[in-house]
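Working notes, structure below.
The values are calculated or read from the model by the stated rules, or taken from the named source; none is laboratory data. Just so it is clear, the model here is predicted, and its values are computed rather than measured. So basically every Cβ, Gly included, is an ideal-geometry build from the backbone, and we count neighbours across all protein chains shown. Each accessible area value is taken on the protein alone, full model and side chains, heavy atoms only, with ligands, DNA and RNA left out. Shrake-Rupley method; radii C 1.70, N 1.55, O 1.52, S 1.80 Å.
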Amino acid sequence: MVCHIKQTETDILEIKKKIKSNNVMLRSHWSVKRTDRKEYALLVRSQMKLKKIKYIQPGSKCTIMIISYRKRLLDFDNLVGGAKTLVDALVEECLIHDDSPEYVNLIYEQYKAKQESTMVIRKF
């Protein structure tokens, strides 16, 4: 008897930047949001090169888990809204095809930690 097991691929990016809350992002000027997205894009690009993570194929579906390690926890909606610039950077750097639910399942988690950072996990 032969069993065929579907092998899943997992990529992990460690980003040394805290996700700002949605309240902070809503009060920010558009140029601050753009700078934030560009900074995330640079950090994502460097992690992809460092860990030899491949670009996603156009139209491919995946699951993205965004884990925020922070000193003070946020309300869930503040975390999700604040992570929008990060998700936009993931699309820009071709880690995900598009941020619509048709192409990506987004999962958000947060934990208390002394060292603030963000982890992005991509699974196919």
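Select from region 71-106 the residues that are touching a strand residue (DSSP E or B) at 6+ places or on another chain (Cβ under 6 Å) and outside any loop (DSSP other than H, G, I, E, B) and write down the one among them that is surrounded by the fewest Cβ atoms within 10 Å (Cβ to Cβ).
By that ranking, first place goes to Asn105.
Say whether the condition of being open to solvent by 70 Å² or more (accessible area, probe 1.4 Å), closer than 16 Å to Val120 by Cβ and modelled with pLDDT under 95 is met by at least one residue in region 56-63.
Within region 56-63, none of the residues are open to solvent by 70 Å² or more (accessible area, probe 1.4 Å), closer than 16 Å to Val120 by Cβ and modelled with pLDDT under 95.
Name the single residue, out of those in region 18-36 being assigned to a helix (DSSP H, G or I) and over 27 Å from Lys114 (Cβ atoms), that is most open to solvent (accessible area, probe 1.4 Å). Don't jump to the end; show me each part of the working.
So in region 18-36, the residues assigned to a helix (DSSP H, G or I) come out as 22-26, 30-36.
Next cut, over 27 Å from Lys114 (Cβ atoms) only: 26, 30-31, 33-34.
Details: Leu26: 118, Trp30: 161, Ser31: 46, Lys33: 71, Arg34: 107 Å².
Residue satisfying both the conditions and the ranking: Trp30.
Within region 37-55, restricting attention to residues that are assigned to a helix (DSSP H, G or I) and of a type in the set (Lys, Arg), which residue is least open to solvent (accessible area, probe 1.4 Å)?
It comes out as Arg37.
For a quick check of your reading of the model, give me the residue pairs whose first member lies in region 27-43 and is touching a residue at least 24 places away in the same chain (Cβ under 8 Å) and among the hydrophobic types (A, V, I, L, M, F, W, C), whose second is open to solvent by 50 Å² or more (accessible area, probe 1.4 Å) and outside any loop (DSSP other than H, G, I, E, B), with beta-carbon atoms closer than 7 Å and at least 6 apart or on different chains.
Hits for this filter: Ala41/Glu92.
Can you give me the number of residues within region 107-124 that are open to solvent by 40 Å² or more (accessible area, probe 1.4 Å) and within 13 Å of Leu13 (Cβ to Cβ)?
Residues flagged as open to solvent by 40 Å² or more (accessible area, probe 1.4 Å) and within 13 Å of Leu13 (Cβ to Cβ) within region 107-124 amount to 2.
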